[in-house]
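K.L.:
Below is a structure I'd like to ask you about.
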2 protein chains.
Amino acid sequence: MSGQTIGQQSIQFREPVFIISGASIVGKKEGEGPLGDAFDLVGEDPMFGTDSWEEAESTLQKETAGLAIAKAGLKNWQIRTIYAGDLLAQSVASSFGIADLGIPVYGLYGACSTMGEALSLGSMAVAAGYGEYVLAVTSSHFGSAEKEFRFPLSYGNQRPLSATWTVTGSGACVLGRQGGRARIMGVTTGKIIDYGLKDPQNMGACMAPAACDTIYQNFMDFDRMPEDYDKIVTGDLGKVGQQILWDLLAKKGYDIRKQHMDCGLKIYDGKTQDTHSGGSGCGCAATVFVSYILPKIESGEWERVLFVPTGALMSKVSFNEGQSVPGVAHAVVVETAGKGER
Amino acid sequence: MSGQTIGQQSIQFREPVFIISGASIVGKKEGEGPLGDAFDLVGEDPMFGTDSWEEAESTLQKETAGLAIAKAGLKNWQIRTIYAGDLLAQSVASSFGIADLGIPVYGLYGACSTMGEALSLGSMAVAAGYGEYVLAVTSSHFGSAEKEFRFPLSYGNQRPLSATWTVTGSGACVLGRQGGRARIMGVTTGKIIDYGLKDPQNMGACMAPAACDTIYQNFMDFDRMPEDYDKIVTGDLGKVGQQILWDLLAKKGYDIRKQHMDCGLKIYDGKTQDTHSGGSGCGCAATVFVSYILPKIESGEWERVLFVPTGALMSKVSFNEGQSVPGVAHAVVVETAGKGER
């Protein structure tokens, strides 16, 4: 046995799974934000040399995956499986990007929680001996996401202040049995939580209940308190969603304000970049994790982090048919490698 | 360790994972086909009591999942995780259906290969000790799929003979550590294979190269010949795709014509039901597996089956932008439980 189930929704690995490398590539706007210097590459061309937003995102994801593999000192054939997903209908950014790598692929859909899902399933596979190395990767692109979920860019619509800005970016991690300075110790799998909210321009509010549910369940399953984590990192709740998460957890008796950080509030400068409620998209949590959070874990500045990307489950069709926007959040426990249990 | 990697793309479990129960619910047309009596339920109302095709599919999937859990003699809370996916943009059939079950969910996207992916990841989780029971489920619906990929039904377009008919149906399996009469012994994870074909009305041709690649790799990894399987079952290649698969494997020196069966050619009566090249959709492979293949494995009529659902990776947008239709296929090795190794 490679891990044990603990509590209701979690798995604790018997041997840690290491994050051997991480790579992040972002667009120009993200490069101009507060984390600009932390990303591996900033693409000046929003089309990434292609003819469509979708191909641009595919290229972005493929380049990021390749960079993570190179940074791990590996060749493509040494990666046993890729766990990949994106926001687009039928996950076409992933299908067309990473196909060229010639590596077996499990396609995922968890909306903006996809990096949490990919790191979960990838680490579960490595812990079980299903491969020496696997890759977790996800992406989003402002142009392809606006076209997919809201309005074509050329329409020039106004955005409410509760709306988030989809990150153009891709993050990838190579996971393995040994070699990295950060380790995954366990995961908490999220339920789909639906409070009946219907506003896709306020996805933070739609996702906050799912984030609350998964974080609370992680505390229960691992028998931990907020202070047992140096950081509790959500994906893209933004300003509105963050406050709702704090309130929901306070009602359950937990104050996470000291530990909490939201990737969507970190990636842009809210004052100068006009991104309203913050960043969002699969690429938001993924690029902030790889560029900002992972180095702090590797250096030991943060010894234990709960990484909880959050996803809003909806489509154009479900919105047009008047459906609600349920949320889901998958949590991964990441620690500095080589430290004793605390 | 719970399993070992073998060859390039496969995993062999140290202890088998059992298929404890299977459930299938289909629409009226499928109920009138040759497998009509084998399905658990046939819905006479194509809307399944709802107001939209998407909600109909969600309801269908939820009912099927619930039925599989009940047939296993379990309650919802005993299922540790659901592995679920469907064909719709952002997998909304899955998001809105199974949310009500209150079970943690990993969302998947593998187009019509999704049942292969769900059984693979589900059995990998059970073999590793990540839960006593997990559920694999997928669905498709003719109405929602035509709207998503082709034309609204009311448009009344003509269909070429190479086109397939999307199955209205959902199949679900409960997997566990003990208790069933069929067992999963290993899996072969598929690569995305792109021969550059672009016709979404001929998806069998688009998927056949991926099916060939995964089946060939399974033979290599497990050191087997076609005759080591009683059946080699693809998902929805249809008439055109089946011939291409045979030809491609013949070029590699393998004749699988004696063992091969395609779910898409089994579910409808090609002569009387006007379904052209056969059935397709996530629900095609899933319902045929649960209703027709699984009972034959459980009874020992077929002692070892290679189940290889096939997916065509495309979206309306990727088609309109002139992209090709790559394929993917995930294989699962299923045997009669209690038989010795042969």
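K.L.:
Which residue, of A:Ala136, A:Ala163, A:Ala145, is outside any helix (DSSP H, G or I), buried (at least 21 other Cβ atoms within 10 Å of the Cβ) and at pLDDT below 95? Talk me through it step by step, then tell me what you get.
P.N.:
Working: A:Ala136 fails: at pLDDT below 95; A:Ala145 fails: outside any helix (DSSP H, G or I).
Sole residue among the options that is outside any helix (DSSP H, G or I), buried (at least 21 other Cβ atoms within 10 Å of the Cβ) and at pLDDT below 95: A:Ala163.
K.L.:
Residue check, A:Leu74 against (1) surrounded by 18 or more Cβ atoms within 10 Å (Cβ to Cβ); (2) under 21 Å from the mean Cα position of the chain (by Cα); (3) part of a loop (DSSP other than H, G, I, E, B), all met but one. Which one?
P.N.:
(2) is the only condition that A:Leu74 fails.
K.L.:
Considering only segment B:33-41, I want to know if a residue exists there that is free of Cβ contacts under 8 Å to residues at least 40 places away in the same chain and within 24 Å of A:Gly322 (Cα to Cα).
P.N.:
To start, the set of residues in segment B:33-41 that are free of Cβ contacts under 8 Å to residues at least 40 places away in the same chain comprises B:36-37, B:41.
When the remaining residues are screened for being within 24 Å of A:Gly322 (Cα to Cα), the result is none.
No, that holds for no residue.
K.L.:
Can you pull out every residue in segment B:204-225 that is out of contact with any Lys or Arg (no Cβ under 7 Å at 6 or more places or on another chain), in a helix (DSSP H, G or I) and charged (D, E, K, R)?
P.N.:
Correct list: B:Asp221 only.
K.L.:
Counting only residues that are among the β-branched types (Val, Ile, Thr) and part of a strand (DSSP E or B), which one in segment A:290-322 is farthest from A:Thr166 (Cα to Cα)? First the steps, then the outcome.
P.N.:
Keep residues of segment A:290-322 that are among the β-branched types (Val, Ile, Thr), which gives A:290, A:293, A:297, A:305, A:308, A:310, A:317.
From the residues that got through so far, the ones that are part of a strand (DSSP E or B) too are A:305, A:308, A:310.
Values: A:Val305: 24, A:Val308: 18, A:Thr310: 14 Å.
Among those that are among the β-branched types (Val, Ile, Thr) and part of a strand (DSSP E or B), it is A:Val305.
K.L.:
Right, next: How about segment B:316-342: which of its residues are within 19 Å of the chain's Cα centre (by Cα) and within 26 Å of B:Gly204 (Cα to Cα)?
P.N.:
B:Val325, B:Pro326, B:Gly327, B:Val328, B:Ala329, B:His330, B:Ala331, B:Val332, B:Val333, B:Val334
K.L.:
Among the numbered conditions (1) surrounded by fewer than 24 Cβ atoms within 10 Å (Cβ to Cβ); (2) within 9 Å of chain A (Cβ to nearest Cβ), tell me where B:Glu117 comes up short.
P.N.:
Of the numbered conditions (1) surrounded by fewer than 24 Cβ atoms within 10 Å (Cβ to Cβ); (2) within 9 Å of chain A (Cβ to nearest Cβ), the odd one out for B:Glu117 is (1).
K.L.:
Please enumerate the residues belonging to segment A:226-243 that are touching a Cys at 6+ places or on another chain (Cβ under 7 Å) and either charged (D, E, K, R) or part of a helix (DSSP H, G or I) (or both).
P.N.:
A:Asp236
K.L.:
Let me ask something else. Determine which single condition B:Tyr216 fails, assuming it passes every other condition in (1) modelled with pLDDT of 95 or more; (2) within 27 Å of A:Trp77 (Cβ to Cβ); (3) touching a strand residue (DSSP E or B) at 6+ places or on another chain (Cβ under 8 Å).
P.N.:
(3)
K.L.:
Restricting to segment B:320-335, and then to whatever is in contact with a Lys or Arg (Cβ under 8 Å, 6 or more places away or on another chain) and not polar (S, T, N, Q), can you tell me which residue is surrounded by the most Cβ atoms within 10 Å (Cβ to Cβ)?
P.N.:
B:Val328
K.L.:
Can you tell me which residues in segment A:77-100 are within 11 Å of chain B (Cβ to nearest Cβ) and modelled with pLDDT of 95 or more? Lay out the reasoning, then the answer.
P.N.:
Kept after step one, since they are within 11 Å of chain B (Cβ to nearest Cβ), are these residues of segment A:77-100: A:77, A:80-100.
The answer is A:Trp77, A:Arg80, A:Thr81, A:Ile82, A:Tyr83, A:Ala84, A:Gly85.
K.L.:
Can I ask one more? I want to confirm something. Restricting to segment B:177-203 and keeping residues that are of a type outside the set (Val, Ile, Thr), part of a strand (DSSP E or B) and crowded, with 22+ Cβ neighbours inside 10 Å, which single residue is nearest to the other protein chains (Cβ to nearest Cβ)?
P.N.:
It comes out as B:Gly186.
K.L.:
If we keep just the residues of segment A:77-93 that are under 16 Å from A:Gly122 (Cα atoms) and of a type outside the set (D, E, K, R), which is surrounded by the fewest Cβ atoms within 10 Å (Cβ to Cβ)?
P.N.:
The extreme case among them is A:Gln78.
The values are calculated or read from the model by the stated rules, or taken from the named source; none is laboratory data. Given the structure is predicted, the values throughout are model-derived calculations rather than measurements. For neighbour counting, all protein chains shown are included, and Cβ atoms are generated from backbone atoms with ideal geometry for every residue, glycine included.
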